[in-house]
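What follows is a short report on a single structure.
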Amino acid sequence: MNIHLKKALRARLIAVASFLAIVIILPVFIWLNHEKPALRWLSLAIWWAPLLLAVPGMFKGKTYTYGWTGFIILLPFFYAFFYITEPTKVVWASVIVVLSVIYFLMSVSYVKQFALSQGVKTNADAKKAKGIE
C-alpha cells in the first residue's frame, strides 16, 4: 500500500472520529445552554443540523465532502468558542473547539494525502486527471 494512502486513511479515521464526537456532543451542549425549548430547537437547526448533511459523504470517503466540511465545522467552533469564557461551560466548549480544530486539520490532511496517493501533485495534474485540460 502506498505511504500516502496509509497517511490518508489514518487522517480520515481521526477526522471521522472527531466529527462524530462533535455531532454527538454538540446537541447535548446546546440543549444544556438554553432553558426555553424554542431556543433549543432553533439553535439545533442553525448550529447542528448542517453537520448532518456531511455524514453520508464522510462514510463513503468522498474527498469533496471533506473539503467543504472544513467550512461547516466553523459552526460548532464559533458556537463553542462563544461560551469558552463562562466558567460553568468551559470544559464542554473547550472539548468542542479542540475537536473542531482536529477535524479541520485531519480533513485537510486526508484530502492532500489522498491526492498524493493518486499521483496528483499540482493543480495541473488534478485538471489532467479530471479531463479538464
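The values are calculated or read from the model by the stated rules, or taken from the named source; none is laboratory data. As the structure is a computational prediction, the values presented were derived from the model and not from experiment. Here the Cβ positions follow ideal geometry from the backbone for every residue, glycine too, while neighbour counts run over all protein chains shown.
Remarks
- For the stretch 86-120, a residue qualifies if it is under 18 Å from Gly61 (Cα atoms) and of a type in the set (Ser, Thr, Tyr), and the qualifying residues are Tyr103, Ser107, Ser109, Tyr110, Ser117.
- Residue pairs whose Cβ atoms lie under 6 Å apart, sitting 6 or more positions apart in sequence or on different chains, and linking a residue in the stretch 57-75 that is of a type in the set (Phe, Trp, Tyr) to a partner that is surrounded by 14 or more Cβ atoms within 10 Å (Cβ to Cβ), are Tyr66/Ser107; Tyr66/Tyr110; Tyr66/Val111.
- If you go through the stretch 22-36 and keep only what is in contact (Cβ under 8 Å) with a residue 60 or more places away in the chain, within 15 Å of Ser100 (Cα to Cα) and surrounded by fewer than 17 Cβ atoms within 10 Å (Cβ to Cβ), you end up with just Ile25.
- Qualifying residue in the stretch 100-118 (condition: loosely packed, with under 14 Cβ neighbours inside 10 Å and among the charged types (D, E, K, R)): no
- Residues being exposed (fewer than 12 other Cβ atoms within 10 Å of the Cβ), farther than 15 Å from Asn33 by Cβ and of a type in the set (D, E, K, R) - total across the stretch 46-95: 1
- Of all residues in the stretch 94-113, those that are free of Cβ contacts under 8 Å to residues at least 60 places away in the same chain have Cβ atoms under 6 Å from Cβ atoms of residues that are of a type in the set (A, V, I, L, M), 6 or more apart or on another chain, in Val97/Ala80; Phe104/Ile73.
So that you can scan it fast, the table gives a plain yes or no per residue for (1) modelled with pLDDT under 95; (2) aliphatic (A, V, I, L, M):
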residue: Leu20; (1), (2): no, yes
residue: Pro37; (1), (2): yes, no
residue: Pro50; (1), (2): yes, no
residue: Ala54; (1), (2): yes, yes
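- A residue that is in contact (Cβ under 8 Å) with a residue 40 or more places away in the chain and of a type in the set (A, V, I, L, M, F, W, C) cannot be found anywhere in the stretch 37-44.
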